[in-house]
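To keep things clear, I will list the structure first and then write my remarks on it.
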Amino acid sequence: MTIKKFQGRTEEEATAKAKEEFGPQTVIMNVKEVRPKGILRSFKTPTFEVTAAIEEVEQPVQAKIPAPIPSVTRNINIAADEPIAIPKPEPVKEMFASVENTWASSVEAQGMEEKKKESMAENNNLEEKLESLQSLLEEKLAPQQPEELPKEAPMDENFKFIKMIYSILLDNEVDEKYVNQIMDEVEKVMKGGASVDLILSSIYQKMILKFGQPQPIEMSERKPKVVFFIGPTGVGKTTTVAKIASRFKVEKGKKVALLTADTYRIAAAEQLRTYANILDTPLNIVYSSEELNEELKKSEEYDLVLVDTAGFSHKNEEQRNETRELIDRVPGEYQKEVYLVLSATTKYRDLIDIADIYKKNFQFKLIFTKLDETSCFGNILNMKLYTGSDLSYSTYGQNVPEDIEIFDTQKIVKLLLGGK
């Protein structure tokens, strides 16, 4: 018989994994709810562990060994109707591993110890080994017993406060695994008996560090610097390009040229041309990497060339390849950067799919748009941690050039923590 443990978020998921590997003949021997450890365990999501078995092809054996008895607990039933032979050293090691993984209750273990002694009285050597094994397990598992929180009022208040912050972050759609990371780091502060103010300050600082320092566009010594804007349709790339062009042209006095490779939407080119005319900035349409490179040669006197690319579904491989070719074939004499533009209103699952596709093809920084159209900002932190890419700008409206800023980490962290 082959015995193996499977884990899942639900009992059904763990059981499904067992049946997927062992097949329909799977025997579920035990189901155990595994609760998180630590001082914040009460509001972390538990998992389930299923012990499953499957009969192997029958082969000749020298001794008949009683089959494991299915049980709803983790205790070991060593009682048997037949005499039990003393196992060799190697099986004892295997028994140690099995018992170590299944011993759960000291009260029940004592009851089983009495049954074990009755059924194995004729074999003192094995009994002594198992008694020694029990002592080792109890000593090993002692730290895993539930810890009782100190009953002093300050700790109760701190615990309630942490739980409230935990719920607020989840309500703001921060991925639970990232919330747990933050809370695990804060546990050290709580164990030191810190005040609520110190705990909040610690959470705030840790979240600031996770967002990292924003990385906006910086001028390079080599002219011109070429900046590409990529991303799915409808996220506001063209408007974002116009806002950034206005910032560098009007506020910083830089010479800016605009290029668009979005030949799929006539309206996109016309929209950007309107902004270019207002800024008195040249705009040219390019249809291939060769035309792009020709335009770059004509723009050597400019400080910055902003390239608006076609918005397309991340599932459209043909258009994705066209954009990659456009970026990859820029001559090495030019410094280039790529910015992935995402909407803060996009579902997290879709953002992950988008990021997975673009990560395979580009190294990019992140720009988030439409912050004014959502009240949940957790996806910004999720994507920062998921992609490992730097944040750069955020936009919050259609007004050009007003509704854009370098990503304000402190403001977003305050919003995520329930502030205004």
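A few notes on this one:
- Rounded to the nearest 0.05, the FRET efficiency derived from the C-beta distance between Glu33 and Glu300 at R0 = 51 Å is 0.15.
- Cross-linked pairs Lys32/Lys160; Lys347/Lys411; Lys4/Lys315; Lys19/Lys188: Cα-Cα separations exceed 32 Å for Lys4/Lys315; Lys19/Lys188.
- Segment 332-419 shape via C-alpha gyration tensor axes, a/c threshold 1.5: oblate
- Low-density loop positions, GluC sites (Glu not before Pro), segment 201-284 - DSSP coil, at most 11 other Cβ in 10 Å: Glu218, Glu221
- The stretch between Ile352 and Arg265 holds 28.7 nm of extra length on full extension. This uses 0.36 nm per residue minus the Cα-Cα distance.
- Among the trypsin sites (Lys or Arg not before Pro) in segment 250-330, those located in a DSSP loop and surrounded by at most 11 other Cβ atoms within 10 Å of their own Cβ are Lys252, Lys315.
- Simple label model, 7 Å out from Cα along Cβ direction - Lys223 to Leu170, nm: 5.6
- Sites Glu13 and Ser288, calculated FRET efficiency, Cβ-Cβ separation with R0 35 Å, nearest 0.05: 0.10
- For segment 291-336, the list of GluC sites (Glu not before Pro) that fall in a loop by DSSP and count at most 13 other C-beta atoms within 10 angstrom reads Glu300, Glu301, Glu333.
- Modelled spin labels at Ile406 and Asn321, positioned 7 Å past Cα toward Cβ, are 4.0 nm from each other.
No lab work stands behind these numbers, since they all come straight from the coordinates. Fair warning: this is a prediction, and the values are worked out from it, not measured in the lab. Cβ sites come from the backbone with ideal geometry, for glycine too, and all protein chains shown count toward neighbours.
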